[in-house]
Amino acid sequence: MPRLNPEILAELISVLGQDHVAQGDSVLELHSHDESTHPPVLPDVVVFPGSTADVSAVAELANRHGIALTAFGAGTSLEGHTVPVHGGIVIDFARMNRVLQIHATDFQVTVQPGVLRLELEKQLSGFGLFFPPDPGANASIGGMIANNAAGIRTVKYGATRDHVLALEVVLADGRIINTGSRSVKQSAGYDLTHLIVGSEGTLGLVTEATLLVYPVPEHFSTAIVSFPDVPHAAEAVYGIMGHGLDPAAVELVHQDHIAWMNEDEGADLPVAPSLMIEFTGPNEKAVGEAMTSALEICDQVGSTGSDRGLGREARNAMWRMRHSIRERVHRRFPGHRIISVDVAVPISRFPDLIAFSQERAAARGLDYRVIGHAGDGNIHMNLNFAPDDAVARRNAETLNGELIDKALEMGGTSTGEHGIGIGKRAYLVAEHGAEAVAVMRGIKKTLDPNNILNPGKVLPDE
Ligand SMILES: Cc1cc2nc3c(=O)[nH]c(=O)nc-3n(C[C@H](O)[C@H](O)[C@H](O)COP(=O)(O)OP(=O)(O)OC[C@H]3O[C@@H](n4cnc5c(N)ncnc54)[C@H](O)[C@@H]3O)c2cc1C
């Protein structure tokens, strides 16, 4: 693809002003990678638009010159999504970071894409509201929409896709469209909103979004339950989901992570494969009863202990520790690279997937720790290896591939929440079939005929 030249640079500066067009080494480096192991590639320039009009002008210019245009939110993706593999322009939404309107009486909020999740949470909390999708990282809302991010609360509230009502989107040629509406029911025409959600910046640039939010539940009941091994914990997950108990979180945590939480955070948890379980709701009795039923199921499956008396502080600390698992791996293995397994299967197959993952990891001699959004049938394994250990890297990649093949065979997906990026492109045809991928290519060609929007992502090479 064509690269930046002095004329295009001068045009960008005339559109955005010198202050919002950057080519310094540290800025280029910061925008050359995400949080994955995919090799970084430096962009030619990074731009910081302040408005939809700016974004439109940048897209029009990039499209006219056929130059790559890669969107950047907070750069926390895990499959190479933001790596500008063809150089060109990276468009960073950090300046478009305002919460535009909280429609508190309608349980909705309208935001710019660069708003970070924790900032949105802070502003909503003043109204007793919250935005449930919670990927752990302090991601931008634009990045969460583009990746259809999910997290620990998805088991009850759904993923980001389930919370997007309306979007303002800049197309590859600079046209601005509005999709959806503020009605929670919508049947008018093709659903462009949900076509853009999960499209990883390859079909359009989100410049505004209206999202569904929820009242903060008044009551919670949270417990941590230990099991003799991971398969027993997986069996309990199936039991809890099968009884229709509607948990707000069911997270599986490997015993090593529990041990590291004890060491690092002074927690005093039994070192065993564990489930972190939470029920929330408006009625204290109801959430308590749901927890009692869940713990009975765990007991029947053979749990070895549980602590259900977690107060607000202990509960917040537990979720904080859960969120810092990846960071802890980085701390334990300084300099190591991490491949994140992200397969998901129908819940009835979750115990089988767990058993298979353990058997294959052991067979490959890998140092593995299985964790996951268990209630969604979604497992993660942070497969870490030293950057110069080619054998360990190959083993980790092979195991990731084996788990994807197995998940697909079980009727699941290669990626429950992280998205395709660069890393999962090779599995798209296996997951959806050649004809469906051809339809995806047709959509891409219609919306982005010059292939300028985040080229090299989602679709496999032709
Ligand atoms: C420690 C850690 C834990 C994580 N846990 C989870 C988890 O539990 N669940 C989960 O789902 N993910 C998780 N992730 C992955 C990541 O946080 C999410 O995918 C998140 O949605 C990425 O948001 P971001 O703002 O960092 O986006 P970026 O990484 O900056 O971008 C993501 C994609 O969105 C595109 N994009 C960005 N802004 C726009 C825009 N305005 N318009 C169009 N496209 C745009 C980019 O081009 C890119 O393709 C985790 C990551 C880390 C580091």
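With respect to the chain, whose longest principal axis is taken over its alpha-carbon atoms, helix 6-16 is tilted by about 70°. Along each principal axis, taking the top coordinate minus the bottom one, the Cα set of the chain gives 69, 56, 44 Å in descending order.
Going by a ≥ b ≥ c, the root eigenvalues of the Cα gyration tensor, does the range 284-390 fall in the rounded group (a/c under 1.5), the prolate group (a/b larger than b/c) or the oblate group? Because a/c hits 1.5 or more and a/b fails to exceed b/c, the range 284-390 counts as oblate.
Centroid-to-centroid, using Cα positions, the range 363-399 and the range 147-167 are 26 Å apart.
Neighbours of P282, meaning other residues whose beta-carbon lies under 14 angstrom from its beta-carbon, give a summed charge of -2 when Lys and Arg score +1 and Asp and Glu score -1. Charged neighbours of L120, selected by a Cβ distance under 15 Å, balance to 0 (K, R count +1; D, E count -1). For the range 355-448, the alpha carbon convex hull comes to 123 Å³ per residue, rounded to a whole number. Equivalent-ellipsoid semi-axes for the range 242-305 (Cα gyration tensor, √(5λ), whole Å, largest first): 25, 14, 10. With Cβ to Cβ distances under 15 Å as the rule, what net charge do the other residues near G305 carry (K, R +1; D, E -1)? Summing Lys and Arg as +1 and Asp and Glu as -1 gives -4. A P(r) calculated from all alpha carbon pairs of the range 1-115, with 5 Å bins opening at zero, reads 2, 12, 21, 22, 18, 11, 7, 4, 2, 1, 0 percent. Helix 312-323 and the long axis of the chain differ in direction by around 60°, with both axes built from C-alpha atoms.
Each of F333 and E29 was given a label point 7 Å from its Cα along the Cα-to-Cβ line. The distance between the two points is 2.4 nm. Between H243 and D229, what length comes free when the chain is fully extended (0.36 nm per residue of separation minus the Cα-Cα distance, one decimal in nm)? So the extension gain works out to 2.8 nm. Taking label points 7 Å from Cα along the Cα-to-Cβ direction, A317 and Q18 give a separation of 5.3 nm.
Between N283 and A355, the distance separating the two model label sites (each 7 Å from Cα on the Cα→Cβ line) works out to 3.8 nm.
Taking the Cα centroid of the range 250-287 and of the range 6-51, what is the distance between the two, rounded to the nearest whole Å? Using only Cα atoms to place each centre, the spacing works out to 41 Å. For n ≥ 4 DSSP H runs only, could you compute -39500 (n - 2.57) per run for the chain, divide by its residues and tell me the 222 nm figure to the nearest 500? Per the formula, -11000 deg cm²/dmol. Per-residue extension of 0.36 nm, minus the Cα-Cα distance of D268 and L195, leaves a gain of 21.7 nm for this segment. Along its first, second and third principal axes, ordered by size, the range 171-295 spans 57, 34, 27 Å in Cα coordinates. For the chain, the longest principal axis of the alpha carbon atoms and the long axis of helix 434-447 meet at an angle near 40°.
Computed from the coordinates by the stated procedures, all read-outs in this text should not be read as laboratory data. The model shown is predicted, which means the values in this text are computed figures rather than measured ones. Don't worry about glycine lacking a Cβ; one is built from the backbone with ideal geometry, like all the others, and counts go over all protein chains shown.
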